[in-house]
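Written out below as structure tokens is the structure these notes cover.
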Amino acid sequence: MATTMTDYAAEREAMVERHLKRRGITEKPIIDAFLAVPREAFVSPEYEHLAYGDHPLPIEAGQTISQPYIVALMIEAAAIKPGDSVLEVGAGSGYAAAVLGHVAGEVVAIERHDELARLAAERVAGLGLANVRIVQGDGMLGWPEGAPFDAILVAAGSVEVPPALVEQLRVGGRLVMPVGGRWAGQSLVKLTRQADGSLQREHLCEVRFVPLVAGAVPPIRT
Ligand code: SAH
């Protein structure tokens, strides 16, 4: 049987050009991070050939890997710099965490589904990203051991921002998260923690993320 080798590096470059650069993502560290992370390694083999479309794709446990443009927009909005300590809530496939690993100093990404957390940790380790840690737990509680964070990205939507996340944000820290109902539109918002403890709020765009759900999901025992 004849097989065609897919040139994923070329597809990756085309995705970055078409869906990131042409849509206004210009910061070189972010562009370089997207060029460095093989998105095809974060989906199951049946979806590999679709890895470079600018859309979410199904992953294990009924969840989705985020659309590259939205991941880029969130990283850009959070103004993540080298050396920053970043928390991601909703590690999912681990893709956004891997991209963050190229832009930030230290990354902790929490995932409530044990199966996803294990797979994401394997993928990130396979790429040699020693500054990215994937942990299983309830991200609504944040990750107190690592606080305070310079930036927190939440990859799942909720009607309100979990208070623990705000508490774990450094003064001047940025939290980017989809806020809104499960069925209604969600608004991607950026909250910046002020010195007096108040939050400056900015609306970025309308988005549609899977819901943020309280509680960790234990491993399925068979
Ligand atoms: N950033 C991911 C996108 C994953 S989708 C990627 O690049 O692939 C959002 C993820 O948030 C899902 O995997 C879902 O299981 C997870 N999630 C939802 N509520 C959560 C919570 N309270 N704590 C941790 N993870 C949560």
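The values are calculated or read from the model by the stated rules, or taken from the named source; none is laboratory data. For clarity, every value in this text was computed on a predicted model and none was experimentally measured. Note: ideal-geometry Cβ built from the backbone for every residue, glycine included; neighbour counts use all protein chains shown.
Taken over the range 72-98, residues that are buried (at least 23 other Cβ atoms within 10 Å of the Cβ) and either closer than 19 Å to V171 by Cα or near the ligand (Cβ under 10 Å from one of its atoms) (or both) amount to 17.
Let's see how each residue does on (1) within 11 Å of the ligand (Cβ to nearest atom); (2) assigned to a loop (DSSP other than H, G, I, E, B); (3) modelled with pLDDT of 95 or more; (4) closer than 20 Å to I30 by Cα:
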residue: G128; (1), (2), (3), (4): no, yes, yes, yes
residue: V161; (1), (2), (3), (4): no, yes, yes, no
residue: L165; (1), (2), (3), (4): yes, no, yes, no
residue: S187; (1), (2), (3), (4): no, no, yes, no
residue: A195; (1), (2), (3), (4): no, yes, no, no
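Among the candidates V107, V124, V103, the residue that is more than 26 Å from A10 (Cβ to Cβ) and among the hydrophobic types (A, V, I, L, M, F, W, C) is uniquely V107.
Pairing residues of the range 149-163 that are over 16 Å from R193 (Cβ atoms) with residues that are modelled with pLDDT of 95 or more and among the charged types (D, E, K, R), at Cβ distances under 7 Å and at least 6 apart in sequence or on separate chains, gives A155/E88. Going through the range 131-145 one residue at a time, which ones are in a helix (DSSP H, G or I) and surrounded by 19 or more Cβ atoms within 10 Å (Cβ to Cβ)? Within the range 131-145, G139, M140 meet the criteria. Against the list (1) assigned to a strand (DSSP E or B); (2) closer than 21 Å to A97 by Cα; (3) touching a residue at least 24 places away in the same chain (Cβ under 8 Å), the condition V171 fails is (2). Out of all the residues in the range 42-75, which are in a helix (DSSP H, G or I), in contact (Cβ under 8 Å) with a residue 40 or more places away in the chain, at negative phi and more than 15 Å from the chain's Cα centre (by Cα)? Passing the criteria: E48, H49, E60.
Suppose the filter is within 26 Å of E76 (Cβ to Cβ) and modelled with pLDDT of 95 or more; does R208 pass it?
no
Against the numbered list (1) surrounded by 18 or more Cβ atoms within 10 Å (Cβ to Cβ); (2) small (G, A, S); (3) without any contact (Cβ under 8 Å) to a residue 60 or more places away in the chain, S187 comes up short only at (1).
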